């Protein structure tokens, strides 16, 4: 399988000790660890929003910080705080995921009105959002609806690798299951979770403790004792 | 007994005591009849057709100066505001010094009041409507640019790094994330500046730059108080109407471009509305240089 993301001795002060790992195409990876273990830091380093103090990160062999726009849009992130644009409508937020593929005129048209509603409605259907919400302002939506808009925006981006930072933390169990189902249909993903009982749905488990990568194994190899050590304070 | 700390800054105010004593000592009732006739004229403004036509013409020039100066300063202010934002430059080119340089360069222009600009430009361009327009445009543009740059820089929309990391271009991110976030406060400020521009153009008129202000000044100097009050009442009606229109825009911010387009169209028609702008004669430039160097 092709290596998508390669981290070599990447560190960021006390937040993340030197980490080396490779994420391959068609690999579904779960990132486990207690709060403050460094999961968000690792994901933010992987999507380029944080720069490492030491080490190198490469996307398909190219340095991450020097990626062109077309390459950068191949990495999609589902942020823990969603990072939607409160002033815009659902359709405008979903379309903002496709800005990396389009130019300035398209961005202006998206700001001015309904742009490509059919595509957005299909995505809304995929994430189980009512079509009536298409033109609704983001501020008028519930937490669960906002989460699904963020997911639809991510799908609109059509990334090769998805990095999701605790995407299930604010969702009730049925909705969490739906969201995870959708995320696992994507070609490759790294998803940070607080719920080890879901790890059997992934190909690989990464475990962080106090900013250190202490676990890199297949789900079958991870037993109760390993998990207890991972989440121990 | 030592004064309490908050009272110390008020100590220089004590100099007002002897000044007040002198002023009250010089008070006399000589101007009282004039003051009474001025007050009485408020209830009996002149309704002569020639006066009404003259005042209407004055208000028309004041309104044209207001709209043109407001329209031009709004557009230029938005452009310079974007260029003066550190965040925009960081997003575009990863540097901030051009924004800082522009801000420093514009600061002196903002520090000079439109009245001073008016008097300076009057010496160069002579008496015409464009002097008032430019005198308002310079400080208003720079002030709006500063407000917009500050508004953009104080915003920290979480979606900004999100869209950047998804491969969107800097300009697209700016349009999609920053513009909606600053649109409301900026459009509110632009609306507010229309109100300010009306007052400024009236005041500039008082200093001889045309419009209703000039008419009011001339009528006041001739002690024709009824004519003064005709102008003041009509001006008050105009201001109330403008305030109503502005309130309408405040609730429908997306309508702001309508008066802006109207203002810019008025600017285009400015030459046909007695706002000819004769550029300084090149033969006189050496004279201007000597005059400025003094």
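Please label the shape of the range B:11-77 as rounded, prolate or oblate, based on the square roots a ≥ b ≥ c of the eigenvalues of the alpha-carbon gyration tensor (a/c under 1.5 means rounded; beyond that, a/b larger than b/c means prolate, else oblate).
It is oblate, given that a/c is not under 1.5 and a/b is not larger than b/c.
Fully extended, how many nm does the chain gain between residue A:203 and residue A:126 (0.36 nm per residue separation, minus their Cα-Cα distance)?
Details: separation 77, 0.36 × 77 = 27.72 nm, distance 2.37 nm.
Working it through step by step, the gained length comes to 25.4 nm.
Taking every DSSP beta bridge that has both residues in the protein assembly as shown, what percent is antiparallel when rounded to the nearest 5?
Working: 19 of 37 bridges.
Percentage antiparallel, nearest 5: 50.
Separation between the residue A:223 and residue A:210 pseudo-spin-labels, each 7 Å from Cα along Cα→Cβ, expressed in nm?
So the label points at residue A:223 and residue A:210 sit 2.5 nm apart.
For the protein assembly as shown, what is the mean residue ellipticity at 222 nm derived from helices alone (per DSSP H run of n ≥ 4: -39500 (n - 2.57); sum divided by total residues; nearest 500 deg cm²/dmol)?
Details: 22 runs with 284 residues, N = 527.
Computed mean residue ellipticity for the protein assembly as shown: -17000 deg cm²/dmol.
Work out the FRET efficiency for residue B:116 and residue A:108 from their Cβ-Cβ distance, taking R0 = 41 Å, and round it to the nearest 0.05.
Approximately 0.55, to the nearest 0.05.
Mean-square fluctuation check for chain A, GNM, Cα pairs under 10 Å: which of A:42, A:193, A:111 is largest?
Taking springs between Cα atoms under 10 Å, the residue moving most is A:111.
Nearest 5 percent is fine: what portion of the DSSP beta bridges confined to the range A:87-233 is antiparallel?
So the antiparallel bridges amount to about 55 percent of the total.
For a Förster distance of 30 Å, can you work out the FRET efficiency between the beta-carbons of residue A:137 and residue B:95, rounded to the nearest 0.05?
It comes out at approximately 0.30.
Quick one: if you stick a label point 7 Å off each Cα along the C-beta vector at residue B:155 and residue B:16, how many nm between them?
Going by the 7 Å Cα→Cβ label model, 4.2 nm.
From the Cα gyration tensor of the range A:86-158, with a ≥ b ≥ c the square roots of its eigenvalues, which class applies: rounded if a/c is under 1.5, or else prolate if a/b is larger than b/c, or else oblate?
The shape class here is prolate.
Using R₀ = 30 Å, calculate the FRET efficiency as 1/(1 + (r/R₀)^6) where r is the Cβ-Cβ separation of residue B:28 and residue B:218; round to 0.05. Write out the running numbers ahead of the final one.
On the way: r = 27 Å, r/R0 = 0.91.
The pair residue B:28/residue B:218 has a calculated efficiency of 0.65.
So how far, in whole Å, is the C-alpha centre of the range B:47-100 from the one of the range A:18-64?
Taking the Cα centre of each part, the range B:47-100 and the range A:18-64 sit 49 Å apart.
Specify whether the C-alpha gyration tensor of the protein assembly as shown places it in the rounded, prolate or oblate class, a ≥ b ≥ c being the square roots of the eigenvalues: rounded for a/c under 1.5, otherwise prolate if a/b is larger than b/c and oblate if not.
Numbers: a/c = 2.71, a/b = 2.44, b/c = 1.11.
It is prolate, given that a/c is not under 1.5 and a/b is the larger ratio.
Expressed as a rounded percentage, what relative contact order does the range A:1-104 have, with Cα pairs under 8 Å and six or more residues apart?
In percent, rounded to a whole number, it is 27.
In a Gaussian network model over chain A where Cα atoms closer than 10 Å are linked, find which of A:62, A:194, A:102 has the largest mean-square fluctuation.
Of A:62, A:194, A:102, the most mobile in the Gaussian network model is A:102.
Label residue A:118 and residue B:192 with points 7 Å out from Cα along Cα→Cβ: what is the distance between them in nm?
Label-label distance for residue A:118 and residue B:192, simple model: 4.7 nm.
Using only alpha carbon pairs under 8 Å that are at least six residues apart, calculate the relative contact order of the range A:86-158 and give it in whole percent.
On the way: 87 pairs, mean separation 36.7, N = 73.
Contact order relative to length: 50 percent.
The numbers here are math on the coordinates, done by the rules we state, and not lab data. This one's a predicted model, so the numbers in the text were calculated from it and none came from an experiment. Note that we place each Cβ from the backbone using ideal geometry, even for glycine, and neighbour counts take in every protein chain shown.
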